[in-house]
Amino acid sequence: MTAAAQSTGIVNSLTTGRLPRWATWVILLGSWAIMGVIFALIAAGSGTEFNISAALLLGLFLFIVLIFVFAYLVEGLRQAKDRLVTALVVSAFLIALIPLISLLFTVVSNGLPRFDPGFFGQSMRNVVGEGGGALHAITGTLLITGMATLISVPVGLLTAIYLVEYGRGALARAITFFVDVMTGIPSIVAGLFAFAFFALILDDPGIRFGFGGSIALSLLMIPVVVRSSEEMLKLVPNELREAAYALGVPKWLTILKIVIPTSIAGITTGVTLAIARVIGETAPLLIISGFTASMNYDLLSDRMMSLPVFVYTQYQNPGSEVQPYLDRAWAGALTLILIVMLLNLIARLIARIFSPKLGR
Amino acid sequence: MTTTSTRKPRSTLRPADRIFAGSTVIAGSLILAALAAVAVFLIAESIPALIVDPAELKGAPSSFWAYVGPLAFGTVWAAFLALVMALPISIGIALFISHFAPRRIAQGLGYIIDLLAAVPSVVFGLWGIKVLAPAVTPLYGWLVQNLGFLPFFAGGVSGTGRTILTVAIVLAVMIIPIITAVTREVFLQTPRLHEEAALALGATRWEMIQMAVIPFGRPGMISAAMLGLGRALGETMVVAMVLSPALVINFVLTGSQNPSTIAGNIALNFPEANGVDVNALIATGMILFVITLVINSIARIVINRRKAFSGAN
Amino acid sequence: MNSVLSRYKRLASIGAIAVAGTILLSSCAANEAGTTDPSAAASDLAGTIDGSGASSQGSAQEAWVAAFQTENPDVTINYDPSGSGAGREAFISGGVSFAGTDSALKQDEIDGGFAACVPDTGYIQVPAYISPIAVIFNVEGVDALNLDAPTIAGIFKGTITTWNDPAIAALNADATLPSAPITAVHRSDDSGTTKNFTDYLNKVAPEIWDAPAADPFPYQVGEAAQGTSGVVDAVTNGTNTIGYADASKAGDLGVAAIKVGDEFVDYSPEAAAAVVAGSPAGDTASDTDLVISLDRKTTDPTHYPLVLVSYIITCTEFVDAEVAPVVKAYVQYITSDAGQSEAASSAGAAPLSTDLSAKVATALESIK
């Protein structure tokens, strides 16, 4: 009793008027405990199941309210606002994790049963029911998306450079405007367009080939590449450019050696986002690249399978024994996610190697 | 021709400079050419649907516009709902990663969110059908029972959870990583000096963000939101797989009769369409094109009014 | 210097991963290692043919293609389950060698001619895939359900809204029906399944189901889901739901028996085949066009009139003579006893009757 009174008697002028460090955690756990009790009572009262997700969510909400109130009482309005925003920002992150975890759990738990060597060593040729694999679809997806990237990144990046570094006047305005318009091309329309275009110029009304798919995907990819690269290039401080010009570096070298390396992290993020955006496209590939159960390495002739089409058709058209088809669909989905993750990693590696070392 | 008298103080254009500048112009023009080709294709294929007697269209609507109206409404409504959910969360995540999380783990957290971008739409569709829709059905039941007086939850509740709200949630999850990735990069580019100046003057972290980060990042945030909106407007497979559509206009979020979206409607009806119905579907595609164009133009105007912070002004 | 070196080392390692990945993936699929069975090389058919069309035939086509390609290792057949309309369109424009369709060719499509065929040589349209359509339901405490056409029509039109409605209770004296609202799930995409389902309701219960048969679902009521898998998922995951789907995909769901004459008939391949065998020929029928006008109003309790017939359309004389023998052999295989029993086992289809099968064989003889 006396010891406690003594210890509170000492006043540290730097920490008065501040909530102690542990306060945040205590309030959080307290709010969850309160909501847990309330929901347990509701569950017991109505005989329904204990709703843990609702308890956690409302607990989080209660925490946000409480931390603001406590901070306001102890620390004043400015600190209270700061704590409120911190709590909101962290909860935004946690809320975004919920679907992510649910989705990954679903895909992994459903995909693992068929995530075996056979899945990566076989196509679906002559396979009915169990067995078979997605090698033809994986190859097709890599080839089609790879070609689309090969088309889109140079075109998109150069366009972004034009818009940021060179573009003045009507052409630049037109390009900016129409890149925006291009983001509005529905994926299925891109597929229809590619089909109509190649059917016309190659004079083959039933044309289906991988390269057409690449073109359709490029139409969807280019605006994303332009938009994100443009944003990143704009953020390069003008001082850097001017310093380079002052040293007599020609403009093109300034762009290649100063501007792009400075923004390479953002640009690669944008490109990977663009790839992720198109690699899962089903509708256009179904129209222009078609459906096949066999391997095809040639982008320029014959139908080529792709993973999204594989997942979609396995789900939509199962045989009378549904389970093997569903297993293959989920395993295909898992593979697709892993491919994009791998691309993401590579992009990060590239960004880390080439970007200049900054203060953070 | 005298060479010396016209000399101006401008840098000499080296051949490499010309080539580089030229190639950027060619790339830009290529985009214009491609878009022109798509536009020609869309318009040429749409005309038959616009001039035909509407009675010959599927479902015999009173006019083509009566057919496309509910779809256009559904497209904008679903994308709007998705953006309303996604935008605050995305900005929160971006701020968390760029300014709140401990520096050591921030990169890793960013990668976790990028994982969401790695999920293809057909997988989102499967997840929406198999996991999300059954999970939210009881919640919808509760909403309709307790908040039924609001127009959003009026009428009967869907028995399968395949409503426009479910679709909007999936769409929001899909566009969160896109918006987050761009805003995060923009926030990270905030001039260090601005931030430190604010903190040195005694600002709390939130006040620093309000004063330095948000104004600097606003055009980027709007741009990111538009990228996300573009994706939500044009998303095909998720809508086709998850939504229980009908040709109606209403604001009910939890019912069985949901307005469909243009892209989803094309995916659903294209396989069995023939004759003028194909043209009608492509014409709806053109409408989607126009909708995106209008929304993007508005965003452009907003961004251009706040150009001051761009490094390359 | 050192940092430059390490940079290139890193690059090299990325390159190595990429190369390794490429090598890994460019290896051939294990199941496509060419002809391993020497006896299989007896066939001299070779080439690639493409078909597209009805997704209802998708799983049957998969089984047929697998069996046919095993017999004829040098043949590759691709079947796009892209939809009947897309299939017919592709065939008309000459994009594919054969099409699968749930709806027979219309007269104006026939008059327009077919680009893949030699002009004025006619076409072949034969039934290849017969599948009963099941009325599936997921209602707590109800395992078996008897329904007649007017009741089904009422449920899907939205005039019968609860499970304990007197109309349903009258047909199911033994069942304990809940008072829960009915969630009726129909197809959100246009489909031949919907067309056959609505055709049945329109023919048998026209006083309630006043909309004519069509690919899109005619009324703005109930829930909608994409594709057979979507409807099955919605019925399975929802509560107190009912829907219609290809019988082979019904899985563990309850399937209603429908009233034919005075009895309630469960679906079966035999009953489905019987109603097709007992139905008259359709409007455009000829020796090479074996279109069937299904007798939905049958009162024979050995018949199951809620059935879908899917056709194969192809040419009698191809512009590209090389594909003719392959198409001929393939379609002959599909409609043979072996092909039909393959479809029955892997896709739950009903076989063609002997009589119909003979007519189909004669029609196919004319392909050259």
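The values are calculated or read from the model by the stated rules, or taken from the named source; none is laboratory data. If you're wondering where the values come from, they're calculated on a predicted model, not measured in any experiment. Counting neighbours? That spans all protein chains shown, and the Cβs are built from the backbone with ideal geometry, glycine included. When the accessible area is computed, the model is the full protein with side chains, heavy atoms only, and any ligands, DNA or RNA have been set aside. Shrake-Rupley method; radii C 1.70, N 1.55, O 1.52, S 1.80 Å.
Worth pointing out:
- Spin-label proximity, A:W25 to segment B:82-110 - amide N less than 17 Å from point 7 Å beyond Cα toward beta carbon: B:102
- An oblate overall shape is assigned to chain B, the ratio a/c of its alpha-carbon gyration tensor axes (a ≥ b ≥ c) being 1.5 or greater and a/b not exceeding b/c.
- Calculated FRET efficiency for the pair B:S63/C:T161, C-beta based, R₀ 25 Å, to 0.05: 0.15
- Of all aspartates and glutamates in the structure, the ones whose alpha carbon falls short of 12 Å from that of A:K81, not counting any fewer than 8 places away in one chain, are B:E207.
- Solvent-accessible area buried by pairing B with C, both sides, nearest 100 square angstrom, 1.4 angstrom probe: 2100 Å²
- Residues whose amide H falls under 5 Å from that of C:Y129, counting only those 5 or more places apart or on a different chain, are C:S310, with hydrogens built in the peptide plane.
- CD proxy at 222 nm, helix term only [per DSSP H run n ≥ 4: -39500 (n - 2.57); per residue of the protein assembly as shown; nearest 500]: -19000 deg cm²/dmol
- Accessible area of segment B:68-305 belonging to carbon and sulfur atoms, whole % at 1.4 Å probe: 71 percent
- List B:I287, A:I350, ordered by accessible area with a 1.4 Å probe, largest first: A:I350, B:I287
- Sequence-ordered 3J(HN,Hα) estimates for segment C:357-368 from the Karplus curve with 6.51, -1.76 and 1.60 and θ = phi - 60° stand at 4, 5, 4, 4, 4, 4, 4, 5, 4, 7, 5, 8 Hz, glycine and proline given as x.
- Total accessible surface hidden between A and B, rounded to 100 Å², 1.4 Å probe: 8400 Å²
- Solvent accessible area, Å² - A:M305, 1.4 Å probe, full protein context: 10 Å²
- Aspartates and glutamates whose Cα lies under 18 Å from that of A:K251, excluding same-chain neighbours fewer than 8 positions away: A:E165, A:E230, A:E239, A:E242, B:D17
- C:I124 long-range amide H proximity, modeled H, under 5 Å: C:T314, C:C315, C:T316
- Label zone at A:I38 (point 7 Å along Cα-to-Cβ), backbone N below 13 Å, segment A:64-81: A:64-66
- Candidates per trypsin sites (Lys or Arg not before Pro) in segment A:136-217, loop by DSSP, up to 14 other Cβ within 10 Å: A:R168
- At R0 = 22 Å, FRET efficiency that the Cβ-Cβ distance of A:F354 and A:L253 yields, to 0.05: 0.90
- ³J(HN,Hα), Karplus 6.51/-1.76/1.60, whole Hz, each residue of segment A:70-76, x for Gly, Pro: 4, 5, 5, 5, 8, 10, x
- Taking every alpha-carbon pair within the protein assembly as shown, the share separated by more than 37 Å comes to 54 percent.
- Shown in residue order for segment B:90-106 are the 3J(HN,Hα) couplings computed by the Karplus curve 6.51 cos²θ - 1.76 cosθ + 1.60 at θ = phi - 60°: 5, 5, x, 5, 4, 5, 4, 6, 7, 10, 10, 5, x, 3, 5, 9, 4 Hz (x for Gly and Pro).
- Inter-label distance, nm, simple model (7 Å from Cα along the C-beta direction), C:Q220/C:S179: 3.1 nm
- Anchor C:K368: aspartates and glutamates whose Cα lies under 12 Å away (excluding residues fewer than 8 positions away in-chain): C:E317, C:D320, C:E322
- Legend: distances between Cα atoms for C:K157/C:K249; C:K195/C:K259; B:K130/C:K203; B:K58/C:K203; C:K297/C:K359; B:K58/C:K259; pairs beyond 29 Å are B:K130/C:K203; B:K58/C:K259.
- Close amide H contacts of C:T162 (hydrogens built in the peptide plane, cut-off under 5 Å, sequence separation of 5 or more or a different chain): C:I182.
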